Every structure is written in C-alpha cells, then in structure tokens.
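First the structure, in the form of structure tokens, and then the observations on it.
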Amino acid sequence: HLAQKNGYNNYQFFVREDNTVHDRKIKIEQGLKKALHNNEFELYYQPQVHLKSRRIVGVEALLRWKHPELGNISPYEFIPVAENTGMIIPIGKWVIQEACRQIKLWQSAGIRIKIAVNVSALQFEDHQFIELVNESLSQNLLPPKYLELEITESVMQKINQSFAIIGKLKNIGIKVSIDDFGTGYSSLSVLSNLPIDVIKIDKSFVSKMMTDENTASLVKTIIEMGSNLNFGLIAEGIETEEQAEFLMQNGCHLGQGYLYSPPITKEEIGKLLNKENVV
Ligand code: C2E
Ligand code: MG
Ligand code: MG
Ligand code: MG
C-alpha cells in the first residue's frame, strides 16, 4: 500500500513539475516577443583585463532580461529559446546597435574602449548581418576596431559560409573571437585556416585547471598552440589569484572573471572606466 501510495505521489509530482517547466517555457517564448518593444533588455558589461597590471583592455557586453512576471532570466535559459523561435535575429540586432551606441557615448566622454559582443550562429548566417554591422558602426561614426564579435564553435559547422563572413568582417576591420574555446568540436588546426583573431579559453577549463592535471595540460596546450598560430588569447571565468597566476605563467595575459568584476551596469562600468587609465 505504501509503495503504491508513494508511486502515486511521485507520479503526481512529476506531472506537476512538467507542467511548471512547460508553462515557464511558454511564458519565456511569449515574453520574448514583447520584450524588445517593452524595453525589458539591458546590456551589462564585464571588464576584460591585462592580468598583470589589472588594467581594463575592453569590456564584454552580456544581455540581461527582466521578464515582467518571472523576473530576471539567465541568458543560458532564454538565448536558446530565442534561437529556436528566430527571435534572436531582432534581439541580436538590438544588442549590436545598443553596444555601438554605448561605445559612442563613452567615446564622447573621452573613454576609448572596445566592446566584445556575443553573436549567435543564426545571426551570423543571416544575410543582413554584415549590413547591420556596417550600419551600426557608421550611424555612430565608430572606427571598427572598437567592436569585437564573439562567435562559438557551432558557427564553424558551416565552415565555408563562415569563412566568407569572417572574411567580410575582417575587411571591415572587425576582430572575431572564438568563445568557449575547447567545448565544441573544432580543432586549432581548423581555426588556423580561418581569419580568427582571438581564442577565449572556456571558464569550465579555468575552474578545473588548478585541481585537475589533464585540464591543466589542456589549457597549457591551447595557450601554446594558440600563440604559435598568432591568435590572441583571453581566459574567462577567473575567480582566484592562483588561476590568474597559472595563466600568466603559461603565456595567457588577458582575462575576465569575478576576481576582477562581475558583469555590471553601464553606469557602474562607466565609473570604473573613468577612474582607471584605460589602455
Ligand atoms: P559567455 O559569452 O561565454 O559569457 C561568459 C559567462 O560567464 C557570462 O554569463 C558571465 O556573466 C559569466 N562569468 C563571468 N565571469 C565569471 C566567473 O568568474 N565565474 C563564473 N562562474 N561565471 C562568470 P551570462 O552573462 O549569464 O551569459 C551566459 C551566456 O549567454 C554567454 O556566455 C553567451 O553565450 C550568452 N549570451 C549572453 N549575452 C548574449 C548576447 O547578447 N547574445 C548572444 N547571442 N548570446 C549571449
Ligand atoms: Mg562571450
Ligand atoms: Mg565565453
Ligand atoms: Mg562561456
């Protein structure tokens, strides 16, 4: 009797759980359609620093969304939904335009800093993407060197198409980085044939490299091969001095992470940039 009762309760529990998860997904999907119009998005910025001097060399723009009912939702949750529904195209457009407006505002205030913007594979493949980038730069009279685009290894699955688009971005003068490097299936040998500028070492490696020898070797190999192939290198997710020290000793001199600053609002980072000598 007891087992049956528990079984019944468990069944009930999972059904209810599933409904909740499903409801949430629907609310996110519906919410994404209205979010741009209702001004619910905001860009936060995380400093990228020179590890030794801790001077800020750039910032990464990270999208934040406050759903009217569900509150703050992580991009890890809503970006995949935006990708599945196609909403990533208008949302990604807003991100690039907003980032460019922000760099321009900072420039007018005498702060010259580059912004790295995350771009989904879908956006990258969109035929209006290059036009969007060009327009966002020209509307704000921005030299292209202030904008950097972060793509993930999934973009590399369509290698020929990617090659052409990265080539066009290079012609405009924009740098392209590979985000979360090492978590996908592309190898350094594939990358060596692409006009990529920067490799971002994924935070999952940084968080494990001090306690796991294989991860430490992997990170050393990425840094060594990356520098031999003339890529810039930056590590993400640095939370401790030991991690920063390890990266520097092995030849990676740029990074970002909670050790320096979490992503913060434009007002907060504006203050930081004003105080510091920006490189
Ligand atoms: P990402 O581009 O790899 O960004 C790094 C993530 O790690 C960010 O999470 C950042 O807040 C977090 N992080 C930074 N420092 C640390 C640290 O020291 N420790 C730990 N544990 N985490 C740290 P966030 O902001 O939640 O963004 C998650 C992901 O969502 C991003 O990963 C990126 O793939 C995607 N994303 C964010 N904004 C955009 C956007 O505007 N467009 C697109 N397409 N994707 C975006
Ligand atoms: Mg990124
Ligand atoms: Mg990353
Ligand atoms: Mg990452």
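The values are calculated or read from the model by the stated rules, or taken from the named source; none is laboratory data. Owing to the predicted nature of the structure, the values given are computational and were not obtained by experimental measurement. A quick note on method: Cβ atoms are made from the backbone with ideal geometry, for glycine too, and the neighbour counts reach across all protein chains shown. In case anyone asks, the SASA skips ligands and DNA or RNA and just uses the protein heavy atoms, side chains included. Shrake-Rupley method; radii C 1.70, N 1.55, O 1.52, S 1.80 Å.
At a glance:
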read-out	value
Percentage, to the nearest whole number, of Cα pairs in the chain over 28 Å apart	42 percent
Excluding exposed DSSP-loop GluC sites (Glu not before Pro) (at most 16 other C-beta within 10 Å), longest clean stretch of the chain	70-238
Helix axis angle, 129-139 relative to the chain longest principal axis, alpha carbon, degrees	60 degrees
Kirkwood hydrodynamic radius over Cα pairs of the range 127-171, then Stokes diffusion coefficient at 25 °C and 0.890 mPa s, in µm²/s	213 µm²/s
The range 192-255: C-alpha pair distances exceeding 13 Å, %	58 percent
Kirkwood hydrodynamic radius of the range 40-107, from inverse mean 1/r over distinct Cα pairs, in Å	13.6 Å
Cα-based helix-to-principal-axis angle, 2-35 vs the chain, degrees rounded to 10	40 degrees
Cα→Cβ-extended label distance, 7 Å offset, between Lys275 and Arg112, nm	2.4 nm
Loop-located chymotrypsin sites (Phe, Trp or Tyr not before Pro) in the range 155-209, at most 11 other Cβ atoms within 10 Å (DSSP)	Tyr185
Asp179 accessible area, 1.4 Å probe, all protein chains in place, Å² to nearest 10	10 Å²
Between 0 and 90°, nearest 10: helix 213-228 axis offset from the chain longest Cα axis	40 degrees
Area of Ile264 that stays accessible when all protein chains are in place (1.4 Å probe, Å², to 10)	20 Å²
q = 0.22 Å⁻¹: log10 I(q)/I(0) that the Debye formula gives for the range 98-174, counting C-alpha atoms only	-1.00
By accessible area with a 1.4 Å probe, ligands and nucleic acids excluded, highest first: order of Leu70, Leu132, Leu141	Leu141, Leu70, Leu132
Range in the chain, longest, excluding exposed trypsin sites (Lys or Arg not before Pro) [loop by DSSP; at most 14 other beta-carbon atoms within 10 Å]	113-279
Check: the chain dipole with +1 on Lys, Arg Cβ and -1 on Asp, Glu Cβ, in debye	640 debye
Reduced Cα scattering model of the range 140-251, Debye log10 I(q)/I(0), q = 0.12 Å⁻¹	-0.44
Solvent-accessible area per residue for the range 98-198 (1.4 angstrom probe, square angstrom)	46 Å²
